[in-house]
Amino acid sequence: MILSSYKHFNAEPKKDGNQILPPLVIRRLGLQEYEPIWKSMRYLVEQASAARNDEIWLLSHKPVFTQGLAGKAKHILNPAEIPVVQIDRGGQVTYHGPGQLVVYLLLNVSRRSLGVRDLVDLIEKAIIQTLEEFDIAASNKAKAPGVYVNDAKIAALGLRIRKGWSYHGMSLNVQMDLEPFSRINPCGFENLAVTQIADHLPASDTLMQKVSKVLSNKLLSELGYSETNESD
């Protein structure tokens, strides 16, 4: 895929920041098949140089189950027509589909002195802050990465660190068909309830767009960059 053909912009470090931050490119990739995106991420990390820009990709996927490195087949109950892809992130099985916001973080974590736990905490904090903007109270759990609303999972995390770079990232359920989650044990938990932003708000044709902008700004802020008023 040709990344430069999609909408993108360069993040600006906060003016009051005390450290020199690397260039960061934000890309909006729309609705995509899973495997080409995964292979693109993996290629960029394998071929990355120390001077390469960090990137954040925001997109949605066509229906797919992804099974992490530690994934157990018993947690895939009845995939039916939805493909299952074995991938190289951490964690168990999850579902991606239209109406879910996926964010991939291709960051040189060595250059940023970010550990895995630091990055997980940063992502979870940005998600919780995003949900607060929509008057949804959410929290994380110490032994179950992700973000929850009244014990129902609304966001999942799964990362891989290779050669000092992170890839993969997170997914946030916005306004989607949740039925496919019933075909798996989400993230390896039996009978785990799943929710989405649309379950807590009036219906809106622009909800995904609004959530995407808020979440990207929260991630930018947590990473030390200025929030942006990007145009549609």
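Quick rundown of the values:
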| quantity | calculated |
| --- | --- |
| Peptide ranges 196-204, 136-144 listed from the most packed, as the mean C-beta count within 10 angstrom indicates | 196-204, 136-144 |
| GNM flexibility winner over the chain from 116, 102, 211 (Cα, springs under 10 Å) | 116 |
| Choice from 59, 114, 219 with maximal GNM fluctuation in the chain (Cα, 10 Å cutoff) | 114 |
| Extension gain from residue 33 to residue 77, taking 0.36 nm per residue of separation minus the Cα-Cα distance | 13.6 nm |
| Label point distance in nm, residue 205-residue 84, each placed 7 Å from Cα along Cα→Cβ | 3.9 |
| The stretch 101-180-the stretch 205-232 distance, computed between alpha-carbon centres (Å) | 15 |
| Cα gyration tensor shape for the stretch 182-232, rounded if a/c is under 1.5, else prolate or oblate | oblate |
| Only Lys, Arg (+1) and Asp, Glu (-1) charged, at Cβ; the chain dipole about Cα centre in debye | 860 |
| Cβ-Cβ FRET estimate between residue 69 and residue 139, R0 fixed at 35 Å, reported to 0.05 | 0.85 |
| Cα-based shape type of the stretch 1-123, given that a ≥ b ≥ c are square roots of the gyration tensor eigenvalues and the cut on a/c is 1.5 | prolate |
| Relative contact order [Cα under 8 Å, 6+ residues apart], the chain, whole percent | 21 |
| Gyration tensor (alpha-carbon) shape descriptor, the stretch 119-232, a/c threshold 1.5 | oblate |
| For the chain, share of DSSP beta bridges that run antiparallel, in % to the nearest 5 | 75 |
| Label-point separation, residue 189 to residue 25 (7 Å along Cα→Cβ), nm | 3.6 |
| Selected from 117, 42, 89 as most flexible by GNM, with the chain as the system and alpha-carbon contacts under 10 Å | 117 |
| Helix-only CD estimate at 222 nm, as mean residue ellipticity for the chain, using -39500 (n - 2.57) per DSSP H run (n ≥ 4) | -7000 deg cm²/dmol |
| Rg to Rh, two decimals, where the chain supplies the alpha carbon set and Rh follows Kirkwood | 0.94 |
| Across 62/213; 62/153; 7/210, pairs whose alpha-carbon gap is larger than 18 Å | 62/213; 62/153 |
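Read the figures in this text as sums done on the coordinates, not as results from a lab. Bear in mind the structure is a predicted one, so any value in this text is a computation, not a measurement. Positions of Cβ are backbone-derived with ideal geometry, glycine not excepted, and every protein chain shown enters the neighbour counts.
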